[in-house]
Amino acid sequence: MNAAIPPQRIPWRINLVITGLQLAGIAGCCWLAARAEGFWELAGLAVGFGLLGNSVYSIIHEAEHAMLLPNRTGNDLLGSFMSLFFPAPFHLIRQGHLGHRLRNRSDDEAFDLYFDGDHKVWRFLVLYGIVTGLYWVVVVLSNVVFLFLPFTVDKKYWHVDQPSAAFMESLNPRYRRFIQVECAAAIVLHVLLVWAFAIPVVNYLVMYAGFGFMWSAMQYVHHYGTERHVTRGARNLWIWAPLDLVWLNHNWHLNHHEHPTVPWVHLPALSDSGAPPRGFLPWAYLRMWRGPRRALERVSNRYSGRIIS
């Protein structure tokens with residue numbers, strides 16, 4: 001991989017055009033959801049919205065790294081708005097993602113492993129929750145948890161799960177009010193979407209289930225079984241080339257981890273001749289069904305206790 005990459009200009013005009021197209025796509029999917037009948041129409045809607053939703057998340061991901069717009073205030077406002085369609089509070093998932101870059105492949109974030117003394121069944125439930133879409137459900141439920149339940153600020157409630165405890169310990173309390181406002185806005189927005197488009201609740205749930213499954217299934221597929229190193233513990237994958245572009249080169253994941261300040265348009269150019277070959281995304285996903293394996297070494301999180309700024 002290239003050792004030093006000069007600063008790259010944020011393609012903000014392209015990002016704004018993509019965001020506009022995504023919003024139009026969301027409106028179109030809501031319109032179709034209000035009219036879909038029968039299994040195949042709903043299945044097609046779920047798949048289509050799943051593909052679109054992961055593109056939306058790729059835009060959110062750029063905002064998490066302050067690479068959506070060059071103006072930081074505008075970047076965060078647009079990131080917050082697009083996150084409402086996830087639905088999730090931007091200032092929470094942003095901290096989670098930036099924390100992931102610090103914890104990656106350490107004992108604090110190795111979902112494909114279990115350690116001596118762990119609750120083995122729990123570790124299997126966590127990984128299979130990721131590959132089946134339940135992880136997305138947990139993130140969505142955070143809108144209620146962080147809005148209404150005060151015990152979330154007490155980290156002792158999370159010590160049953162080491163990755164959850166590490167996540168909670170990294171949260172910056174300065175964003176608490178932002179998160180609560182975003183949680184409330186997300187709930188209101190989705191109630192309004194269902195009401196304004198007259199979407200049957202079942203159709204709405206099926207549509208979002210398609211996105212939730214795809215998004216959750218992709219959250220660890222680039223890390224499963226990789227080197228236990230904070231930046232090298234990722235892999236580049238590939239799927240149909242137009243879909244790679246729709247997802248803003250998210251599958252160039254090793255390149256992103258090694259160069260997190262490089263916008264999405266430049267990621268493919270970062271691989272040199274010695275880079276590992278890209279794996280096929282569906283095969284990488286299927287391998288995760290092998291489940292967690294017993295860890296033979298401990299890798300401490302050298303950034304443990306760092307608060308996300």
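The values are calculated or read from the model by the stated rules, or taken from the named source; none is laboratory data. Small disclaimer: the values here were computed from a predicted structure and weren't measured. With ideal geometry, Cβ positions are generated from the backbone for all residues, glycine too; neighbour counts draw on all protein chains shown.
Among the numbered conditions (1) surrounded by 18 or more Cβ atoms within 10 Å (Cβ to Cβ); (2) free of Cβ contacts under 8 Å to residues at least 40 places away in the same chain; (3) more than 24 Å from L68 (Cα to Cα), tell me where N251 comes up short.
Status for N251: all satisfied but (3).
Of the residues A24, A66, which is surrounded by fewer than 21 Cβ atoms within 10 Å (Cβ to Cβ), in a loop (DSSP other than H, G, I, E, B) and aliphatic (A, V, I, L, M)? Steps first, answer last, please.
On the way: A24 fails: in a loop (DSSP other than H, G, I, E, B).
Sole residue among the options that is surrounded by fewer than 21 Cβ atoms within 10 Å (Cβ to Cβ), in a loop (DSSP other than H, G, I, E, B) and aliphatic (A, V, I, L, M): A66.
Among the residues of segment 211-227, is any surrounded by fewer than 17 Cβ atoms within 10 Å (Cβ to Cβ), farther than 23 Å from L78 by Cα and out of contact with any strand residue (DSSP E or B) (no Cβ under 9 Å at 6 or more places or on another chain)?
yes
Tell me yes or no: at least one residue of segment 164-174 is in contact with a strand residue (DSSP E or B) (Cβ under 7 Å, 6 or more places away or on another chain) and under 30 Å from V299 (Cα atoms).
Of all residues in segment 164-174, those in contact with a strand residue (DSSP E or B) (Cβ under 7 Å, 6 or more places away or on another chain) come to none.
No: zero hits.
Return the total of residues in segment 228-263 being part of a loop (DSSP other than H, G, I, E, B), out of contact with any strand residue (DSSP E or B) (no Cβ under 7 Å at 6 or more places or on another chain) and not hydroxyl-bearing (S, T, Y).
16
Looking at segment 116-138, can you tell me whether even one residue there is charged (D, E, K, R), in contact with a Leu (Cβ under 8 Å, 6 or more places away or on another chain) and outside any helix (DSSP H, G or I)? Give the derivation first.
From segment 116-138, those charged (D, E, K, R) are 116, 118, 120, 123; that's our starting set.
Subsequent filtering for residues that are in contact with a Leu (Cβ under 8 Å, 6 or more places away or on another chain) retains 123.
Remaining after also requiring outside any helix (DSSP H, G or I): none.
Checked against the condition, which is being charged (D, E, K, R), in contact with a Leu (Cβ under 8 Å, 6 or more places away or on another chain) and outside any helix (DSSP H, G or I), segment 116-138 yields no hits at all.
Does V144 fit the bill of being within 26 Å of V181 (Cβ to Cβ), under 13 Å from the mean Cα position of the chain (by Cα), of a type in the set (A, V, I, L, M, F, W, C) and assigned to a helix (DSSP H, G or I)? Quick ask: steps written out before the conclusion?
Details: within 26 Å of V181 (Cβ to Cβ): yes; under 13 Å from the mean Cα position of the chain (by Cα): no; of a type in the set (A, V, I, L, M, F, W, C): yes; assigned to a helix (DSSP H, G or I): yes.
No.
If I ask for residues that are touching a residue at least 60 places away in the same chain (Cβ under 8 Å) and not small (G, A, S), which ones from segment 40-65 would you list?
L42, L45, V47, F49, L51, L52, N54, Y57, I59, H61, E62, H65, listed by residue number.
Looking at segment 19-39, I want the residues that are under 13 Å from P200 (Cα atoms) and have a partner that is acidic (D, E) and in a helix (DSSP H, G or I) with Cβ atoms under 9 Å, at least 6 apart or on another chain. Which pairs are those?
Sorted first by the residue in segment 19-39, then by its partner, the pairs are L32/E41; R35/E41.
Please indicate, with yes or no, whether at least one residue in segment 281-291 is assigned to a loop (DSSP other than H, G, I, E, B) and touching a residue at least 60 places away in the same chain (Cβ under 8 Å). Steps first, answer last, please.
The initial filter retains those residues of segment 281-291 that are assigned to a loop (DSSP other than H, G, I, E, B), namely 291.
Okay, now just the ones that are also touching a residue at least 60 places away in the same chain (Cβ under 8 Å), so 291.
Yes, there is a match, as at least one residue in segment 281-291 is assigned to a loop (DSSP other than H, G, I, E, B) and touching a residue at least 60 places away in the same chain (Cβ under 8 Å).
When both residues are 6+ apart or on different chains and their Cβ atoms are under 6 Å apart, which pairs have a first residue that lies in segment 185-211 and is at pLDDT 95 or above, and a second that is hydrophobic (A, V, I, L, M, F, W, C) and outside any helix (DSSP H, G or I)?
A185/L84; A186/L84; L189/L84; F197/A34; A198/A34; I199/A34; N203/A36
If you go through segment 177-193 one residue at a time, do you hit one that is surrounded by fewer than 19 Cβ atoms within 10 Å (Cβ to Cβ) and acidic (D, E)?
No - not one qualifying residue is present in segment 177-193.
Listed here are the residues, each with its yes/no results for (1) at pLDDT 95 or above; (2) in contact with a helix residue (DSSP H, G or I) (Cβ under 6 Å, 6 or more places away or on another chain); (3) of a type in the set (S, T, Y).
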| residue | (1), (2), (3) |
| --- | --- |
| M1 | no, yes, no |
| A63 | yes, yes, no |
| N71 | yes, no, no |
| A88 | yes, yes, no |
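Identify all residues within segment 66-90 that are in contact (Cβ under 8 Å) with a residue 12 or more places away in the chain and over 25 Å from F213 (Cβ atoms); write none if there are none. Spell out the reasoning first.
Looking only at segment 66-90, we keep the residues that are in contact (Cβ under 8 Å) with a residue 12 or more places away in the chain, and these are 67-70, 75-76, 78-80, 82-90.
If the condition is that a residue be in contact (Cβ under 8 Å) with a residue 12 or more places away in the chain and over 25 Å from F213 (Cβ atoms), then M67, L68, L69, P70, N75, D76, L78 are the ones that fit.
Within segment 84-122, restricting attention to residues that are among the charged types (D, E, K, R) and under 23 Å from L171 (Cβ atoms), which residue is surrounded by the most Cβ atoms within 10 Å (Cβ to Cβ)? Write out each step before concluding.
Residues of segment 84-122 that are among the charged types (D, E, K, R), as a first pass: 94, 101, 103, 105, 107-109, 112, 116, 118, 120.
Remaining after also requiring under 23 Å from L171 (Cβ atoms): 94, 101, 103, 105, 107-109.
Details: R94: 25, R101: 17, R103: 23, R105: 22, D107: 19, D108: 23, E109: 23.
For segment 84-122, the residue satisfying everything is R94.
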